[in-house]
Amino acid sequence: MNGVFDLGGTDGLGPVVTQEDEPVFRAEWEKAAFALFATCFRAGLFNVDMFRHGIEQMDPAEYLLSNYYEHWVHTAEHFGAKAGVIDLAELDERTRFYLENPDAPLPGRTDPELLAFVDAAVKGGAPAARESDKAAAFKVGDIVTVNADSPAGHTRRARYVRGRTGEITGAHGTFIYPDSAGNGGPDAPEHVYTVRFTATELWGSDTADPHGVVYFDVWEPYLTLSENRGAA
């Protein structure tokens with residue numbers, strides 16, 4: 001899926017401005033937005049890749065003009081409404097109420113099991129490695145090219161590496177395949193490799209640092225063995 005969220009290698013957006021000692025949260029509501037991921041994940045509304053795909057379906061202008069945790073809220077609303085557990089009209093009504101009554105108490109809920117799950121998920125994450133009896137099609141040292149087509153739906157095959165050739169420098173075993181899991185399919189584990197691309201291969205000799213390299217983790221179905229042995 002192509003869209004404004006796939007910004008790797010895109011120029012004209014200006015420098016990335018970083019802040020020294022940047023706070024984890026810039027507003028109180030962002031803490032609640034952060035907790036939405038683990039709670040919705042536990043409820044079965046989405047997996048990690050579906051969560052990303054929900055963000056990818058935002059209106060492009062809204063995506064560019066909103067901040068990080070607004071994206072999280074959008075995808076929680078998207079899948080909550082899709083599953084029938086959120087009524088968007090009721091949500092709008094409640095939003096208006098709290099905008100007009102900012103000091104009104106929020107609904108309370110006590111759920112020790114949910115709290116324990118969120119605490120464990122935040123601290124430990126959710127491993128994406130999955131067992132598979134598939135044999136690896138490639139090995140470290142192979143020169144490979146990333147498929148250049150534009151897939152429909154969710155993918156982790158960024159546009160700036162499509163059609164580019166590099167060398168496999170690491171093989172990591174099998175992991176959840178985002179192009180399946182992110183589009184409502186099964187985990188469908190596939191082998192994952194780290195591929196080393198020269199900056200010249202990615203950006204061209206006129207603009208690239210001649211000594212620069214980029215390492216990109218790539219799922220096996222994205223790759224074909226290359227005959228261009230000198231590209232890496």
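FYI, it's all coordinate maths here, none of it is from the lab. Keep in mind it's a predicted model, so treat the numbers as computed, not measured. Positions of Cβ are generated from backbone atoms using ideal geometry, with glycine treated the same way; all protein chains shown enter the neighbour counts.
Values as computed for the structure displayed
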item	result
Within the stretch 86-232: Cβ-based charge dipole about Cα centre, in debye rounded to nearest 20 (Lys, Arg +1; Asp, Glu -1)	540 debye
Residue among Ala137, Ala104, Ala152 with the largest mean-square fluctuation in a Gaussian network model of the chain, springs linking Cα atoms under 10 Å	Ala104
Two-decimal Rg/Rh across the chain, once Rg and the Kirkwood Rh are taken from alpha-carbon atoms	1.02
Dipole magnitude of the stretch 1-139 about its Cα centre (Cβ charges: Lys, Arg +1; Asp, Glu -1), debye to nearest 20	600 debye
Rg/Rh for the stretch 28-124, where both radii come from Cα atoms and Rh is the Kirkwood radius	0.96
Choice from Ala136, Ala83, Ala27 with maximal GNM fluctuation in the chain (Cα, 10 Å cutoff)	Ala27
Length-normalised contact order for the stretch 143-225 - Cα pairs under 8 Å, 6+ apart - percent	31 percent
Helical contribution to [θ] at 222 nm, DSSP H n ≥ 4, -39,500 (n - 2.57), averaged over the chain, rounded to 500	-10500 deg cm²/dmol
The stretch 143-225 - Kirkwood radius from inverse mean 1/r over Cα pairs (Å)	13.3 Å
Distance between the stretch 15-58 and the stretch 164-232 - C-alpha centres, whole angstrom	26 Å
Sites matching trypsin sites (Lys or Arg not before Pro) across the stretch 1-86 that sit in DSSP coil, with at most 14 neighbouring C-beta atoms within 10 Å	Arg26
Nearby lysines by direct alpha-carbon distance to Lys82 (threshold 29 angstrom, same-chain neighbours under 8 apart not counted)	Lys31, Lys123
Rounded to the nearest 20 debye, dipole of the stretch 126-196 from Cβ charges on Lys, Arg, Asp, Glu	300 debye
